[in-house]
1. Would you mind stating whether residue 48 is surrounded by 15 or more Cβ atoms within 10 Å (Cβ to Cβ) and at pLDDT 80 or above?
2. So for the stretch 26-39 (the condition being among the aromatic types (Phe, Trp, Tyr) and at pLDDT 95 or above), does at least one residue qualify?
3. Of all residues in the stretch 1-41, which are touching a Leu at 6+ places or on another chain (Cβ under 7 Å) and over 21 Å from residue 65 (Cα atoms)?
4. Quick one: is residue 43 at pLDDT 95 or above, touching a Pro at 6+ places or on another chain (Cβ under 8 Å) and not hydrophobic (A, V, I, L, M, F, W, C)?
Amino acid sequence: MDPLTLFGLVAVTAMLVAYALEERSRWAVLGFAASCGLASVYGFLSGAWPFGLVEAVWAGVALRRWARRPAGRSCMQGSSRRI
């Protein structure tokens, strides 16, 4: 596996983990935004510019969600949902 492919694998894996944890922490949303940014870089470096562009948009959407989410409050507060 070449270094670029490994970089892409790490970026997309980080996206998956951060996405799974978004309900638990505001910081997971920021982690998702950062990993989308890394995936965007991977897309552009690998020549898959449509992937890079879409991931850049997702990074922006996630950053906006992070900025609008109240600090210190989980999305699961007040919920009867159990994990």
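1. Details: surrounded by 15 or more Cβ atoms within 10 Å (Cβ to Cβ): no; at pLDDT 80 or above: yes.
Spelling it out, it is not the case that residue 48 is surrounded by 15 or more Cβ atoms within 10 Å (Cβ to Cβ) and at pLDDT 80 or above.
2. Going residue by residue through the stretch 26-39, those that are among the aromatic types (Phe, Trp, Tyr) are 27, 32.
If we keep only those that are at pLDDT 95 or above too, we end up with 32.
Looking through the stretch 26-39, at least one residue is among the aromatic types (Phe, Trp, Tyr) and at pLDDT 95 or above.
3. 4, the sole residue that qualifies.
4. Yes: the conditions hold for residue 43.
The values are calculated or read from the model by the stated rules, or taken from the named source; none is laboratory data. Bear in mind that the values here come from a model prediction, so they are computed numbers and not experimental data. Reconstructed Cβ throughout: ideal geometry from the backbone, glycine too, with neighbour counts over all protein chains shown.
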